[in-house]
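Worksheet for the structure shown next.
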Amino acid sequence: MKNRVHWIILILVFVATGLNFLDRQVLSITIIKIQKEFNLNDVQYGMINTSFLISYALMFTIGGRLTELYGGKIGLGFSVLIWSVASGLHGVIGSFYQLLFFRFLLGIGEGGCFPGAAKTVSELFDQKDRALANGIAIGGSAMGAVLAPPLTILISNQFGWRWSFIIPGIIGIVWVITWVMIPWKSRKGEIERVTPVKKEKVFSFIEILSNKAALIFILIRFLLDPVFYFIMFWIPKYLNEKRGVSFDEIGHLLWIPFLALGLSNMLGGWISDRLTKNGVSVNKARKIVMGIAALLTVSAIMVQSVSSVALAITLMSLLLFAHGFWITNYITAISDMFGARGTSTVIGLSGTAGAISGLVINPFIGWIVQHYSYNPLWIICGLLYPLAFIILTVFIPKISLIKEVNRSLTI
């Protein structure tokens, strides 16, 4: 990471992923007010989340593929522009159906964010620094989630909930202008034109979908993403309805788990890179950190049984801390294996799988919450990561770069 411009670009990616999570989390906080104003029930709220996840699922793959072909600058830039406009439009909604549509539009933009971020890191950073760079890049998402509760509540109380959507949208458009103006440089420090990437032939969808490792990465995301969507979409309501936390108090508490996530994104990347620099293989380094993460998530089972809000927040923080370790090394492992020829596509496909899983399960979560309780959901949160780690170690015995491919793309 010798080139100073790479740091500037990485900081901008950090800001972009921060805006990504801030924009999507505003609704999970303001829904407390929106539900009362528009008389929405929990099932309708589940449908709104599903609308976002449908377009998010589609654009994770489509955006990932376009980013693979046209590079990180175009891919990420267009994504931020679309979701920033969509975020601003949330501020003018007048009905349930308008919210449903603007949420769908938000998903179209946000779906391309993380494939674009991963592609940018893959283009600019060597393997020895890639985990830390990925940790910083996606760590912005947690910082956005940290800022979302207090910032949303502050803006809502001062100017009304509608401005909680409009202001981040304006900031996103300013980001796009900055992103377009900055010169784009390769690892060698040469300024590249913003054109389709043709240096190496990218893997086709058929090649990737014929690969065992790619399918396992996709399966793992399918299993785990609903856990994170549950945290993102339902925890403010959980704290309000089941723990008696007021709207204003949520802003003082909800940032804590996401701060833990942001720190662990970067710490998990740093530990992984430090291990490789000390002679540990890439395979072992990524899996050691992911194994630790899987063990830590088991603590989520206890959320349902603790009596105090403070202990519940602590356990949620531990769950997201573990998730940060996991997701940074998960994304880096994909980059380690598929390089510049397939990273965005595999991340896009896996993100689509996770979003599909989330959109199918989200209305069901609403039904469980409305008719039963949150308790079964916490048990599931504590069991899925260990299951995913077992699948990873059994079916991907070695994480290493795929250099030569045939039709089956076996590893």
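Going through (1) within 24 Å of Gly348 (Cβ to Cβ); (2) under 20 Å from the mean Cα position of the chain (by Cα); (3) at pLDDT below 85; (4) not charged (D, E, K, R) one by one, His6 falls short only on (2). Tally up the residues in the stretch 1-53 that are in a helix (DSSP H, G or I), closer than 18 Å to Ala137 by Cβ and not hydrophobic (A, V, I, L, M, F, W, C), please. Count: 7.
Of all residues in the stretch 241-284, those that are part of a helix (DSSP H, G or I) and in contact with a Phe, Trp or Tyr (Cβ under 7 Å, 6 or more places away or on another chain) total 4. Selection of helices (runs of 4 or more DSSP H) fully inside the stretch 68-142 by the criterion of at least 1 residues being among the β-branched types (Val, Ile, Thr) and modelled with pLDDT of 90 or more returns 72-90, 96-110. Note on the stretch 285-307: residues that are in a loop (DSSP other than H, G, I, E, B) and either basic (Lys, Arg) or modelled with pLDDT of 90 or more (or both) amount to 1. Checking each residue in the stretch 241-289 for being of a type in the set (Phe, Trp, Tyr) and either in contact with a Cys (Cβ under 6 Å, 6 or more places away or on another chain) or within 30 Å of Ile34 (Cα to Cα) (or both) picks out Phe247, Trp255, Phe258.
Looking across the stretch 296-312, the residues that are under 23 Å from the mean Cα position of the chain (by Cα) and either within 20 Å of Gly139 (Cα to Cα) or surrounded by fewer than 20 Cβ atoms within 10 Å (Cβ to Cβ) (or both) come down to Leu296, Thr297, Val298, Ser299, Ile301. Here Gly71 clears all of (1) crowded, with 21+ Cβ neighbours inside 10 Å; (2) touching a helix residue (DSSP H, G or I) at 6+ places or on another chain (Cβ under 6 Å) except the condition numbered (2).
For the stretch 1-43, residues that are farther than 18 Å from Gly75 by Cα and not basic (Lys, Arg) total 23.
Taken over the stretch 228-261, the criterion of being of a type in the set (Val, Ile, Thr) and modelled with pLDDT of 80 or more is satisfied by Ile231, Ile235, Val245, Ile256. Confirm whether Trp367 is in contact with an Asp or Glu (Cβ under 9 Å, 6 or more places away or on another chain) and touching a residue at least 40 places away in the same chain (Cβ under 8 Å). Criteria met by Trp367.
Yes or no, residue by residue, for (1) modelled with pLDDT under 90; (2) assigned to a loop (DSSP other than H, G, I, E, B); (3) surrounded by 24 or more Cβ atoms within 10 Å (Cβ to Cβ); (4) touching a helix residue (DSSP H, G or I) at 6+ places or on another chain (Cβ under 9 Å):
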position	(1), (2), (3), (4)
Thr328	no, no, yes, yes
Ser344	yes, no, yes, yes
Gly348	yes, no, yes, yes
Gly366	yes, no, no, yes
Ile380	no, no, no, yes
Leu384	no, no, no, yes
Ile390	no, no, no, yes
Pro397	no, yes, no, yes
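For Ile167, the criteria (1) without any contact (Cβ under 8 Å) to a residue 24 or more places away in the chain; (2) part of a helix (DSSP H, G or I); (3) more than 17 Å from Phe21 (Cβ to Cβ) hold in every case but one, which is (3).
Of everything listed in (1) aliphatic (A, V, I, L, M); (2) within 20 Å of the chain's Cα centre (by Cα); (3) more than 30 Å from Glu241 (Cα to Cα), the single unmet condition for Ala340 is (2).
In the stretch 222-242, the residues that are more than 16 Å from Ala322 (Cα to Cα) and free of Cβ contacts under 8 Å to residues at least 24 places away in the same chain reach residues that are β-branched (Val, Ile, Thr) and in a helix (DSSP H, G or I) with C-beta atoms within less than 9 angstrom, at least six apart or across chains, in these pairs: Glu241/Val369. State whether the residues of the stretch 196-211 include one that is of a type in the set (D, E, K, R) and either under 25 Å from the mean Cα position of the chain (by Cα) or at pLDDT 90 or above (or both). Scanning the stretch 196-211 turns up no residue that is of a type in the set (D, E, K, R) and either under 25 Å from the mean Cα position of the chain (by Cα) or at pLDDT 90 or above (or both).
Of a type outside the set (S, T, N, Q) and surrounded by fewer than 24 Cβ atoms within 10 Å (Cβ to Cβ): is that true of Tyr56 in this structure?
no
Residues that are of a type in the set (Gly, Ala, Ser) and surrounded by 20 or more Cβ atoms within 10 Å (Cβ to Cβ): does the stretch 231-250 have at least one?
The answer is no, given that none of the residues of the stretch 231-250 is of a type in the set (Gly, Ala, Ser) and surrounded by 20 or more Cβ atoms within 10 Å (Cβ to Cβ).
The values are calculated or read from the model by the stated rules, or taken from the named source; none is laboratory data. This structure is a prediction, so every number in the text was calculated from the model and none was measured. Positions of Cβ are generated from backbone atoms using ideal geometry, with glycine treated the same way; all protein chains shown enter the neighbour counts.
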